[in-house]
Amino acid sequence: MPAKHHIAVTVKTRFLDEQSEPDNARFVFFFFFRIENQGEVPAQLISRHWGISDELGKIQEVPGEG
């Protein structure tokens, strides 16, 4: 039976009221990503690419190294 891969990704967000300016339509959030290898074999994060969308459907791309 082949080894099993299982990578879990969880995201926590927090609205940063002290850095936001609602009157100017500026809303700042903090994102905390947790990437956890729950599989049976070692894994290495080489790169990442997040697509973060707002309530209007606008997507901000966040690529980068692992």
Length gain on complete extension for the stretch residue 17 to residue 35, per 0.36 nm per residue less the alpha carbon to alpha carbon distance?
-> 3.8 nm
For the stretch 8-25, in order, what is each residue's ³J(HN,Hα) by Karplus, 6.51 cos²θ - 1.76 cosθ + 1.60 with θ = phi - 60°, in whole Hz (x at glycine and Pro)?
-> 9, 10, 10, 10, 10, 10, 9, 7, 9, 4, 5, 9, 8, 9, x, 5, 9, 6
Search the structure for amide H atoms under 5 Å from the amide H of residue 39, placed 1.01 Å from N in the peptide plane, and list their residues when 5 or more places away or on another chain.
-> 6
Give the range of the longest stretch in the chain that excludes all trypsin sites (Lys or Arg not before Pro) found in loop regions by DSSP and having at most 14 other beta-carbon atoms within 10 Å.
-> 5-57
With Rg from the Cα atoms and Rh as the Kirkwood inverse mean 1/r over Cα pairs, the chain has an Rg/Rh of 1.12
Can you send over the carbon and sulfur percentage of the accessible area for the stretch 22-66, probe radius 1.4 Å, protein chains only?
-> 51
Spin-label model distance (nm) - residue 28 vs residue 56, 7 Å beyond Cα toward Cβ | 2.0
Output row, site residue 46, 7 Å Cα→C-beta label point, backbone N cut-off 18 Å, window the stretch 1-20, residues 5-7
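The values are calculated or read from the model by the stated rules, or taken from the named source; none is laboratory data. A quick note: this is a predicted structure, and the numbers were derived from the prediction, not measured. We place every Cβ from the backbone using ideal geometry, glycine too, and count neighbours over all the protein chains shown. Note: accessible area is taken over every heavy atom of the protein model, side chains too, but ligands, DNA and RNA are not part of it. Shrake-Rupley method; radii C 1.70, N 1.55, O 1.52, S 1.80 Å.
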